[in-house]
Amino acid sequence: MAHDGIGAAVRRKEDRRFLTGRGQYIHDVRRPGELHAVFLRSPHAHAAIQRIDTEAAAAAPGVVAVYTGQDLAAAKVGGVPCAWGIVGKDGKPMKEPPHPPLALGKVRYVGDTVAVVIAETVSAARDAAELIEVDYRILPSVVGVTEALRPGAPQLYDDVPSNLCCDWALGDKAATEAAFAKADHIVKLDLVNNRLVPNAMETRAALAEYDPGSEDYTLYTASQLPHVARVLIGALMLGIPEHKFRVVAPDLGGGFGSKQVVYAEEAVVTWAAGKLCRPVRWICERGEAFMSDAQGRDHVSHAELALDRNGKFLGLKVATLANIGGYISTFGPNIPTNLYGPLLAGPYTTPAIYCEVKVIFTNTVPTDAYRGAGRPEATYLLERIVDAAARQTGIDRVELRRRNLIAAAAYPYQTPVLLNYDIGNHQQTLERGLALSKWSEFAARRKESEARGKLRGIGMVTYLEACGLAPSRLAQQLGARGGLFESANIRVHPTGKVNVFTGAHSHGQGHETVFAQLVGDMLGLSVDQIEIVHGDTAKSPFGLGTYGSRSAAVGGAAIFKATGKVIAKGKKIAAALLEAAEVDVDFDAGRFTVTGTDRSKTFGEIAFAAYNPPDAYPLETLEPGLEETAFYDPLNFTFPGGCHVAEVEIDPETGALDLVGYACVDDIGTVLNPMIVEGQIHGGVVQGIGQAMFENCLYDSESGQLLTGSFMDYAMPRATDIPIILTETASTACVHNPIGVKGCGECGTIASPAAVINAVLDALSPYGVTHIEMPATPQRIWEAIMAAEGKRSA
């Protein structure tokens, strides 16, 4: 085993170029003769387009072209496709109205693309865009899901009654009703999962070029899934043959799900590059990002939990209204349904669950995946109602969880909502989470806070999520319009150095280090001898990209399989050179050895022989070279889980909230690199804290205008808002994954919102406050305290 292999805390190889300013982002890619695109966006949430006059813009200095939706329609450019369809509880497919890349006839949210100006400079394009005259007939708009369903609400589409994209359900309704009929306690809860803006450090961007000689297109784009983008944009929207369309996704400054979406702007600049025979660049400005990047969450839910007299969960009913925005996004319908409902079992033994989700169009930015994608929403609802049940029944919240957690011996465990969990030990992570957070010493800390006039609260979450988004068969049964496997190619050079080509894509996860550790551990090489290549459809084999914490569980498994093939072929070569039977050749720590002898060859010697066959090399049965490809399609999801504990302090005079402690113990399976795992957990926790305490995307209910369109209005956590985050792992290795990994990138975001809000409510418990919506801002907390005191005095 190499010293920097699996389990070693190796520093990230890629950080050298990032920290020295040598990263290669879209803005760094330059092509000769490039033009610049600026998109004109709708200032209205809902309006009919009666006329677009582009004459003055087209005649402006430096302008090369101006295009509208009519131009793209005339060129037969297809609409932005959805990669995942869902079916309602009535057996009918979701309503799927067209999504033109530039608006046709109507605009449906503030920021909807209306026209594009292409000019020699960005400033020329920007100035010309202001000259475009659009005659809008403003229509009534609706931005809230509850309002969108009401009779007489503004309709976004003539053929989508009540703005209802799909009425979806999961679970056994009759069994759940029967469970409630025999319950001793029924706990009810209404809550909102607030809408979020992704705000990656690097905004979206695209640069397209066309070679009229070869008729090849190349699109450089900030995408988490370049191979998928090539299919959706090239084949489905533009009619470009795949072998004539290369998509390159270089370094990405954050994605968080928003860059797994295929956007109109990518297709428009690619089409324009072909039409003009010049490269076309578009860099999204931050203000544009707020009004055009796919947003996340936005649920309104009612939940009911049935318990017996001993606190055992009997049944769970959930009814959710999910806001899908003005159009269906790439994976939008899948997020609040298939990635939400099946996770409502969590780590608990609830025998009956029924979930209904109404997916609703509104005049807002389309929603799609945002870190965690459906699982944070499910965990938030479940952990909030478990705490509410503890209050209502008088059972200690830790004890209530202990009574209902799935026992380690009960695995594999079939839930009532589709999923079959393979392995876990929730009791272990719970007890270690309590110990790490010093839960038993909280009373003393609360007393110390009280002495300073502060309220102190502690909150916990025991969670389980589904990662490694796949397998293809199950995904396609649930509506995926393609496979969800992953691929890898291992190319060993004559000197024994290695290139690994992967379909996964890195946007901060440390793939170039972790994948090198995995291959190095198997081949007995150091990470410096291995280079990871990703993000270029012309180099890497077809892959589905990075999202859903699938990189190691699916992409890493494909790398594992391909590396295993390399070792298997190496044994054949070694057997010939060492004059031994193949079955007698062992491989360990970079050396092929004949069992029971001292005869051996190094990996480097075998690699050299593969490309320079000696006489002993049986060319009639063994091809030269040492390069292997593998595809991996898992049998099941992976199921990370754990226990997170948050501790807060509140000033009752002002409502000011301080997060003073955070501890988490996560079961993520095999830990490939503990330092990178810790960083991923930290990042996820901070994003969840952002939702719980700061972030909230708001639209004006009358005009549909975006009210939080900049960092002046949309608050995010800063370093000073975050305490030291204590982390541990307590891993049970995934039993169906060749590496045993489960995924870690989203754990923190899934668990932390409920942990923080449960802590806030614990701090406010002396006032009798039992509910507060995210984000728990000082104003909301102060208002809750004032309302509680008002009830007391009354």
Among (1) without any contact (Cβ under 8 Å) to a residue 40 or more places away in the chain; (2) surrounded by 21 or more Cβ atoms within 10 Å (Cβ to Cβ), the one test that PRO624 misses: (2)
Pick from the range 735-779, criterion among the hydrophobic types (A, V, I, L, M, F, W, C) and under 16 Å from the mean Cα position of the chain (by Cα), ranking: most open to solvent (accessible area, probe 1.4 Å): CYS744
Residue within the range 471-483 that is under 23 Å from ASP667 (Cα atoms) and at pLDDT below 95 present: yes
Boolean, ARG31 is at pLDDT 95 or above, under 30 Å from the mean Cα position of the chain (by Cα) and closer than 28 Å to LEU236 by Cα: no
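One line per residue, one yes/no per condition, for (1) without any contact (Cβ under 8 Å) to a residue 24 or more places away in the chain; (2) closer than 17 Å to LEU196 by Cβ; (3) among the aromatic types (Phe, Trp, Tyr); (4) open to solvent by 10 Å² or more (accessible area, probe 1.4 Å):
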{"residue": "GLY325", "(1), (2), (3), (4)": "no, yes, no, no"}
{"residue": "GLU356", "(1), (2), (3), (4)": "no, no, no, yes"}
{"residue": "VAL359", "(1), (2), (3), (4)": "no, no, no, no"}
{"residue": "THR364", "(1), (2), (3), (4)": "no, yes, no, no"}
{"residue": "ARG371", "(1), (2), (3), (4)": "no, yes, no, yes"}
{"residue": "PRO376", "(1), (2), (3), (4)": "no, yes, no, no"}
{"residue": "ARG402", "(1), (2), (3), (4)": "no, no, no, yes"}
Residues (small (Gly, Ala, Ser) and free of Cβ contacts under 8 Å to residues at least 40 places away in the same chain) located in the range 379-400: ALA390, GLY394
Residues (more than 24 Å from the chain's Cα centre (by Cα) and buried (at least 24 other Cβ atoms within 10 Å of the Cβ)) located in the range 73-102: LEU102
Residue within the range 763-782 that is touching a strand residue (DSSP E or B) at 6+ places or on another chain (Cβ under 6 Å), among the hydroxyl-bearing types (Ser, Thr, Tyr) and over 30 Å from VAL197 (Cα atoms) present: no
Members of the range 584-604 found to be farther than 13 Å from LEU523 by Cβ and surrounded by 14 or more Cβ atoms within 10 Å (Cβ to Cβ), listed by number: ASP584, VAL585, ASP586, THR593, VAL594, ARG599, SER600, LYS601
Flag for ALA409 being in a helix (DSSP H, G or I), among the small types (Gly, Ala, Ser) and either in the same structural domain as LYS89 (by TED's automatic domain parsing) or open to solvent by 10 Å² or more (accessible area, probe 1.4 Å) (or both): yes
Given (1) open to solvent by 40 Å² or more (accessible area, probe 1.4 Å); (2) under 28 Å from the mean Cα position of the chain (by Cα), number of the condition PRO717 does not satisfy: (1)
In the range 639-674, the residues that are in a loop (DSSP other than H, G, I, E, B), in contact with an Asp or Glu (Cβ under 8 Å, 6 or more places away or on another chain) and of a type in the set (Gly, Ala, Ser): GLY655
Scope the range 629-653; condition over 21 Å from the mean Cα position of the chain (by Cα) and crowded, with 20+ Cβ neighbours inside 10 Å; matching residues: ALA630, VAL645, ALA646, GLU647, VAL648, GLU649, ILE650
Selected residue (only one of GLY520, GLY545 is open to solvent by less than 10 Å² (accessible area, probe 1.4 Å) and at positive phi): GLY545
Scope the range 431-460; condition among the basic types (Lys, Arg) and either over 22 Å from ARG384 (Cβ atoms) or outside the structural domain of VAL660 (by TED's automatic domain parsing) (or both); matching residues: ARG432, LYS438, ARG445, LYS447, ARG452, LYS454
Selection within the range 283-340 - in a loop (DSSP other than H, G, I, E, B), out of contact with any Asp or Glu (no Cβ under 7 Å at 6 or more places or on another chain) and of a type in the set (A, V, I, L, M): LEU339
Condition met for ARG51 (assigned to a strand (DSSP E or B), out of contact with any Leu (no Cβ under 6 Å at 6 or more places or on another chain) and surrounded by fewer than 19 Cβ atoms within 10 Å (Cβ to Cβ)): yes
Candidate set: the range 58-72, residues that are in a loop (DSSP other than H, G, I, E, B) and in contact (Cβ under 8 Å) with a residue 24 or more places away in the chain; chosen: the one surrounded by the fewest Cβ atoms within 10 Å (Cβ to Cβ): PRO61
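The values are calculated or read from the model by the stated rules, or taken from the named source; none is laboratory data. Computed from a prediction, not measured in an experiment: that's the story for all the values here. Reconstructed Cβ throughout: ideal geometry from the backbone, glycine too, with neighbour counts over all protein chains shown. Heavy atoms of the whole protein, side chains included, go into the accessibility calculation; ligands, DNA and RNA do not. Shrake-Rupley method; radii C 1.70, N 1.55, O 1.52, S 1.80 Å.
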